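Here's the structure we're looking at; comments come further down.
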Amino acid sequence: MSQENQTVDEPKAQKGLQNRHIQLIAIGGTIGTGLFMGAGNSISYAGPAILLVYAIIGAMMFIMMRAMGEMLYQDPTKPTFIAYMTKYLGNRVGFFARWSYWVTLIFFGMAELTAIGKYVQFWFPTMPEWIIQLAFLAVLAGVNLIAVSLFGEMEFWFSMIKIIAILALIATGLIMAFGHFETPVGHVEFSNFFGNFSLLPNGWVNFVNAFQMVMFAFVGMEFIGMTIAETDNPRKILPKAINQIPFRVLFFYLGALFVIMTIYPWKQIPAHQSPFVMVFELVGLKGAAAIINFVVLTAAASSFNSILFSTGRNFYSLAKESRAKFLQPFAKQSKRGLPGKAILFSALISVGSPIFSAIPAISDAFVFVTSAATDMFLMIYILILATYWQYRKSKDYMADGFLVKAPKIAVPMAAVFFVFVYVTLFFNESSVIPAIGSTIWLVVFGLVSYFQPKEALTEQ
């Protein structure tokens, strides 16, 4: 790399994330708003078999995370996990992946910012969404620009709120079940779940469609790969954070859904209402809707906070590896050891969300683009697995590192699964148009990446 892209006295990246931050961020990254708000819709598709859907997707995501973790363990200094794609799949794939992931996160972040506006309007219905969004954008951007430790502390408490909500639900459900409580919808008993159990209660088509719905509840799990480089002891913390994924999926997702269907006969659960609200209302908790609204507000704020962290480091890394002159100002760190300009630029791009919210004419187009961007996460996961395969063949392979179990079986199986989920998007009326949009991006930007001049890609 030339001297143009290196500053001799450039501050070192902050390492302000502690073990407790990483562990809670890892747990919080596993739990999204999809569980709190979308569980009823998922249950309506697959019934009790939704637990199997969550378990399968959780297992595939764990394989992907172990593959990413093995590379991170070998070299934890990379600012983003996408840096490995450039190294092992080539400059053009790296170019495609960096820009694709950054654009995907930007639109994903805009969607979360839009959700924040709607959740706050629960309490302040007359307040314009764009004012709410700009206020949250300013606060969270400031958090990311001050210190890594402040970001970690905020994510710690955001994650804690989600965890407490799920623990409260599980504890409430078990007390009601063992106490044989009676509610307006019937007795609380385990037979509500096991009674009339069927693997395909609504047919195999709905069962398959449930995979794509649940899949996007897991989006963001890979974020742990952005934080490891900014911890003091990555090789000690990384295995713990990743190896706990199966337990977190089993307990927080499967445990919560099992309790919901124990309290509420699963055939009676409304598809478009939060089961968490319904459960807490059944036990007489006044203001249950407000409490869950607060939880999902913190979940959305947590997600957007993480996205700013991630987009800033991705754009910094992208600029660092580029020869393009207009990107060079973003290839420098601030005096605090943060990619400040890259974070600020990503935050400014996110201002598009309040604009889209304020102009109804482009609102539908924004929903389409956001949905298409979300589908692109599947492409990134497939590229992570392909990168891992090339890493195994390289001289960097660390035979005594944090290894994937049975990689010759597990990794191809996970890759095929992600392809399967992507294909199912084309057979659902609500997802086919965004799937076409993400495919167009894959083809068009893939060609743009392929025909980039070699000297314009990186300085390696």
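The values are calculated or read from the model by the stated rules, or taken from the named source; none is laboratory data. Just so it is clear, the structure is predicted and the values come from calculations on it, not from any experiment. When we count neighbours, we look across all protein chains shown, and the Cβ atoms used for this are built from the backbone with ideal geometry, even at glycine.
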Tell me the helices (runs of 4 or more DSSP H) entirely within region 369-460 that contain at least 2 residues that are over 25 Å from Ala319 (Cβ atoms) and in contact with a helix residue (DSSP H, G or I) (Cβ under 7 Å, 6 or more places away or on another chain). 407-424, 432-450
Search region 430-447 for residues that are free of Cβ contacts under 8 Å to residues at least 60 places away in the same chain and pair each with any residue that is surrounded by fewer than 16 Cβ atoms within 10 Å (Cβ to Cβ) and part of a helix (DSSP H, G or I) when their beta-carbon atoms are under 7 Å apart and the residues are at least 6 apart or on different chains. Val432/Phe426
Pick from region 373-396 the residues that are touching an Asp or Glu at 6+ places or on another chain (Cβ under 9 Å) and of a type outside the set (A, V, I, L, M): which of them is nearest to Phe216 (Cα to Cα)? Phe377
Residues that are assigned to a helix (DSSP H, G or I) and surrounded by 16 or more Cβ atoms within 10 Å (Cβ to Cβ), drawn from region 227-238: Thr227, Ile228, Ala229, Glu230, Pro234, Ile237, Leu238
Tell me which of these Glu153 doesn't satisfy, since it passes every other one: (1) surrounded by fewer than 19 Cβ atoms within 10 Å (Cβ to Cβ); (2) over 23 Å from the mean Cα position of the chain (by Cα); (3) in contact (Cβ under 8 Å) with a residue 60 or more places away in the chain. (2)
Do we find that Val259 is within 30 Å of Phe194 (Cα to Cα), buried (at least 23 other Cβ atoms within 10 Å of the Cβ) and in contact with a Leu (Cβ under 8 Å, 6 or more places away or on another chain) in this structure? yes
Checking Leu89, Leu72, Leu35 in turn, the sole residue that is modelled with pLDDT under 90 and of a type outside the set (D, E, K, R) turns out to be Leu35
If the requirement is being surrounded by fewer than 19 Cβ atoms within 10 Å (Cβ to Cβ) and more than 17 Å from Ser310 (Cβ to Cβ), which of these qualifies: Ala115, Ala55, Ala147, Ala67? Ala55
With the structure loaded, tell me whether Asn41 is within 22 Å of the chain's Cα centre (by Cα), of a type in the set (S, T, N, Q) and surrounded by fewer than 22 Cβ atoms within 10 Å (Cβ to Cβ) or whether it fails that test. yes
Which residues, counting only those in region 422-454, are buried (at least 17 other Cβ atoms within 10 Å of the Cβ) and aliphatic (A, V, I, L, M)? Leu425, Ala435
Can you find even one residue in region 85-93 that is touching an Asp or Glu at 6+ places or on another chain (Cβ under 8 Å), surrounded by 22 or more Cβ atoms within 10 Å (Cβ to Cβ) and not small (Gly, Ala, Ser)? yes
